[in-house]
Amino acid sequence: MLQRSVETAAIDLPTTETARIAVIGLGYVGLPLAAAFGKQFPTVGFDISERRVEELQAGYDRTREATQDELQSEHLSFASDPERLAACNVYIVAVPTPVDEHRRPDLSALLGASETVGRLIKRGDVVIYESTVYPGATEEDCVPLIEETSGLVSNRDFYVGYSPERANPGDQEHRLATIVKVVAGATPETADFLERLYAMIVPAGIYKASSIQVAEAAKVIENTQRDLNIALINELAILFNRLGIDTGEVLAAAQTKWNFLLFRPGLVGGHCIGVDPYYLCHKAQSVGYHPEIILSGRRINDGMGRYAVSQLVSAMLKRRIHVAGARVLILGLAFKENCPDIRNTRIVDMVHELDELGTEVDVYDPWVDPDQAESEYGIRPIEAPPAEHYDAIIVAVAHQEFHDMDPSDIARLGKTNHLIYDLKHVLPKGSADLRL
């Protein structure tokens, strides 16, 4: 039976004057958060990776989301020892919530962080979750683990809130300070505290949701909606390819209507759009509902790497380019343009498909850390592609560096008889043999 604290009266929450912040998880979400809080509050950024902490202590952020000046704020420190968090009274959990190989939610990092908090938390402390989850996960999965580990009772001995992250890696316009922050609390008083706390670092404004489950659901549908819109455009691109119609031209014509929503075809990776719909589907199925549209969109988007390779192979055969033994260059490995983030990148789907066909694949991405890519996917990007070397070139990510390349410079990377497949419509029309 869960041990309960002997006190029966609820204890007061911290105030914005007494808050001492711990941010657990220093990735694309946690680090900007720690940097922002560190300008005004005593803040400790915690990560289990000692290498990550050492880099941040030296003023270097490999994600390029925080500057050296932001990392060296006088109120901000970094640690890989959880005991360094013991003096804090506000614990913000911002760890990854991926899916496993069967597309099921993997809460291991989230539950591990909750257990860590449970060992440190004291009466009157506040725990805030920012990780994306399915509705109910915070109060049904995380809070009971904190209670079990600490022996304290939520909403009496400690307090729980939720504020979903809205990070957009590589986006220099939509940042933490410029995006309205959704907050929610398990009690009205906790919600009020979150509202006051986040207002200190988010001048764009605070939206207070009525419950933690509402805030969880709002976050997960933001990315599910984008996933479905992209899936529709991907399906249309497949159709238009069969009809011999240029998808880019269709979109350019359609967007002249004032209420047309512009989405472009492509591979859908990353930690959010390619993952969050599975969290919602998991919860739906747990209550006996089969979400047909959401899963249909996921099937389309998950299959786009395979489709792109099939298009390339068909074009190669028409050009009498032998597929087995062909040399293929993929420009881009990050899941999106102008950022080094390789989480859940679907470029690897094309690499694996081409490997199975016996081609020799090189990947070039000036944004990506080669050691990280090799550790994560067994793919080591090359330093620079050689000229006149490739039978096929795939422009897979719309990095600015690829936009800045003259089409003739990309063409010079190919052999006399080669193909260029422009997945992201980076090149001017007529400069590529294939476009998605």
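The values are calculated or read from the model by the stated rules, or taken from the named source; none is laboratory data. All of these numbers come straight from a predicted model, not from anything done at the bench. Positions of Cβ are backbone-derived with ideal geometry, glycine not excepted, and every protein chain shown enters the neighbour counts. When the accessible area is computed, the model is the full protein with side chains, heavy atoms only, and any ligands, DNA or RNA have been set aside. Shrake-Rupley method; radii C 1.70, N 1.55, O 1.52, S 1.80 Å.
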Selection from the range 253-267 of residues under 28 Å from the mean Cα position of the chain (by Cα) and small (Gly, Ala, Ser) yields Gly266
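Just to verify a result, which residue in the range 315-356, among those that are in a helix (DSSP H, G or I) and closer than 24 Å to Val99 by Cα, is most open to solvent (accessible area, probe 1.4 Å)?
His352
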Val395 meets each of (1) open to solvent by less than 60 Å² (accessible area, probe 1.4 Å); (2) out of contact with any Cys (no Cβ under 7 Å at 6 or more places or on another chain); (3) free of Cβ contacts under 8 Å to residues at least 60 places away in the same chain with one exception, condition (3)
Arg51: passes all of (1) within 19 Å of the chain's Cα centre (by Cα); (2) open to solvent by 10 Å² or more (accessible area, probe 1.4 Å) but (1)
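Within the range 145-154, identify whether any single residue is touching a Pro at 6+ places or on another chain (Cβ under 9 Å) and at negative phi, and answer yes or no.
Filtering the range 145-154 down to residues touching a Pro at 6+ places or on another chain (Cβ under 9 Å) leaves 154.
Of the ones still in play, those that are also at negative phi are 154.
Within the range 145-154 (the criterion being touching a Pro at 6+ places or on another chain (Cβ under 9 Å) and at negative phi), the answer is yes, since at least one residue qualifies.
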### Task
With respect to Gly297, determine if the residue is modelled with pLDDT under 95 and touching a Ser or Thr at 6+ places or on another chain (Cβ under 9 Å).
no
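Can you tell me which residue among Leu76, Leu85 is among the hydrophobic types (A, V, I, L, M, F, W, C), free of Cβ contacts under 8 Å to residues at least 60 places away in the same chain, open to solvent by less than 40 Å² (accessible area, probe 1.4 Å) and closer than 20 Å to Thr18 by Cα? Working first, answer last.
On the way: Leu85 fails: free of Cβ contacts under 8 Å to residues at least 60 places away in the same chain.
Step by step, each of Leu76, Leu85 is checked, and only Leu76 is among the hydrophobic types (A, V, I, L, M, F, W, C), free of Cβ contacts under 8 Å to residues at least 60 places away in the same chain, open to solvent by less than 40 Å² (accessible area, probe 1.4 Å) and closer than 20 Å to Thr18 by Cα.
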Asp406 fails exactly one of (1) in contact (Cβ under 8 Å) with a residue 12 or more places away in the chain; (2) at negative phi, namely (1)
Residues of the range 208-239 being open to solvent by 40 Å² or more (accessible area, probe 1.4 Å), of a type in the set (D, E, K, R) and farther than 16 Å from Ile300 by Cα, in sequence order, are Lys208, Glu222
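Condition test on Gly414, is it closer than 25 Å to Leu317 by Cβ and out of contact with any strand residue (DSSP E or B) (no Cβ under 8 Å at 6 or more places or on another chain)?
Details: closer than 25 Å to Leu317 by Cβ: yes; out of contact with any strand residue (DSSP E or B) (no Cβ under 8 Å at 6 or more places or on another chain): no.
For Gly414, the condition - closer than 25 Å to Leu317 by Cβ and out of contact with any strand residue (DSSP E or B) (no Cβ under 8 Å at 6 or more places or on another chain) - is not met.
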Among residues of the range 136-151 being more than 18 Å from His271 (Cβ to Cβ) and open to solvent by less than 20 Å² (accessible area, probe 1.4 Å), the residue nearest to the chain's Cα centre (by Cα) is Thr138
Quick count over the range 409-436, residues being touching a residue at least 40 places away in the same chain (Cβ under 8 Å), open to solvent by less than 10 Å² (accessible area, probe 1.4 Å) and under 22 Å from Ile238 (Cβ atoms), is 4
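Considering only residues of the range 412-436 that are of a type in the set (A, V, I, L, M, F, W, C) and modelled with pLDDT of 95 or more, which is farthest from Gln311 (Cα to Cα)? Show your work before the answer.
Within the range 412-436, the subset of a type in the set (A, V, I, L, M, F, W, C) is 413, 419-420, 423, 426-427, 432, 434, 436.
Adding the requirement that they be modelled with pLDDT of 95 or more leaves 413, 419-420.
Working: Leu413: 20, Leu419: 11, Ile420: 12 Å.
Checked the range 412-436; the qualifying residue farthest from Gln311 (Cα to Cα) is Leu413.
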Filter the range 248-287 for residues that are touching an Asp or Glu at 6+ places or on another chain (Cβ under 8 Å) and free of Cβ contacts under 8 Å to residues at least 60 places away in the same chain; the one that is most open to solvent (accessible area, probe 1.4 Å) is Ile273
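Got a number for residues in the range 152-187 being of a type outside the set (S, T, N, Q) and over 23 Å from the mean Cα position of the chain (by Cα)?
Step one: list which residues in the range 152-187 are of a type outside the set (S, T, N, Q), which gives 152-153, 156-162, 164-167, 169-171, 173-177, 179-186.
Going one step further and asking which of them are over 23 Å from the mean Cα position of the chain (by Cα), we end up with 152-153, 156-160, 185-186.
Summing the residues that are of a type outside the set (S, T, N, Q) and over 23 Å from the mean Cα position of the chain (by Cα) in the range 152-187 gives 9.
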Of (1) in contact with a strand residue (DSSP E or B) (Cβ under 9 Å, 6 or more places away or on another chain); (2) in contact (Cβ under 8 Å) with a residue 60 or more places away in the chain; (3) in a loop (DSSP other than H, G, I, E, B); (4) open to solvent by 20 Å² or more (accessible area, probe 1.4 Å), Arg380 fails just (2)
Return a yes/no flag: does the range 173-190 have any residue that is open to solvent by less than 10 Å² (accessible area, probe 1.4 Å), out of contact with any helix residue (DSSP H, G or I) (no Cβ under 7 Å at 6 or more places or on another chain) and within 26 Å of Leu280 (Cβ to Cβ).
yes
Among Gly112, Gly205, the single one that is open to solvent by 30 Å² or more (accessible area, probe 1.4 Å) and either at pLDDT 95 or above or more than 19 Å from Ile273 (Cβ to Cβ) (or both) is Gly112
For the range 334-347, pairs from a residue that is under 17 Å from Ile382 (Cα atoms) to a residue that is of a type in the set (Lys, Arg) and open to solvent by 10 Å² or more (accessible area, probe 1.4 Å), with Cβ under 8 Å and 6 or more apart or across chains, are Pro340/Arg62; Pro340/Arg64
